[in-house]
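In what follows, a single structure is set out as structure tokens and then discussed.
The values are calculated or read from the model by the stated rules, or taken from the named source; none is laboratory data. Every value quoted in this text rests on a predicted model; they were computed, and no experiment measured them. Glycine also receives a Cβ, built like all others from the backbone with ideal geometry; neighbour counts cover every protein chain displayed. The area values use the complete protein model at the heavy-atom level, side chains included, leaving out ligands, DNA and RNA. Shrake-Rupley method; radii C 1.70, N 1.55, O 1.52, S 1.80 Å.
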Amino acid sequence: MGIPGKIKRPARVFKRPSTYRMARVNKLLQREISLMLEQRVKSDLARNAIITEVDCSRDLESARVYFTTVDVSMREPVLAELVSVKGVLRSMLGQVLTLRHIPALEFVLDRSQDYGERIDGILRKLGLDGNDEDEGEDEEV
């Protein structure tokens, strides 16, 4: 039993990381991985990757790194090369970042650009392309 009249404190509750913190960690990882691929990785194939987004798990155990390439035919070879250098990238991130846990990297092909181009093509076929409307507004002014 405790002392009568003394207020008992609840057990310490650990909060989940805020979404603002996770957004900062994701951007930091995206920037550092991009710089490392550009400057420190010796593979020319890996340098063709454009890192579009990083989605890190809340516990910092794993991170999905989304990438694309300018040349569509280079995507599969670049993915294979990124998978082969992911351990080296993780160790370099450990040297540069001050995070307690460096997440395991998983490279994923970002297909959002392909999806957007497909939608634009459908809109052009239907005649609903936004460029025609913009030209008409300029003529009225």
The long-range amide H neighbours of Phe107, using H built 1.01 Å from N in the peptide plane and a cut-off of under 5 Å, are Val65
Each label sits 7 Å from Cα toward the beta-carbon; between Arg24 and Arg58 the label points are separated, in nm, by 1.9
Interchain or sequence-distant (5+) residues whose placed amide H lies within less than 5 Å of the amide H of Glu53 are Tyr66
With label points set 7 Å from each Cα along the Cα-to-Cβ direction at Leu97 and Tyr115, the distance between them in nm comes to 2.4
Around Arg118 (Cβ within 12 Å, Cβ-to-Cβ, excluding Arg118; K/R +1, D/E -1) the net charge comes to 0
Counting only DSSP loop positions in segment 85-116, the trypsin sites (Lys or Arg not before Pro) whose Cβ has at most 10 other Cβ atoms within 10 Å are Arg100
In the neighbourhood of Val108 defined by beta carbon distances under 10 Å, the net charge of the other residues (Lys, Arg +1; Asp, Glu -1) is -2
Residue span Leu126 to Glu76: 0.36 nm per residue of separation minus Cα-Cα distance leaves a gain in nm of 14.8 nm
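Can you tell me the accessible area per residue over segment 16-128, all protein chains present, probe 1.4 angstrom, in square angstrom?
About 64 Å² of surface per residue is accessible.
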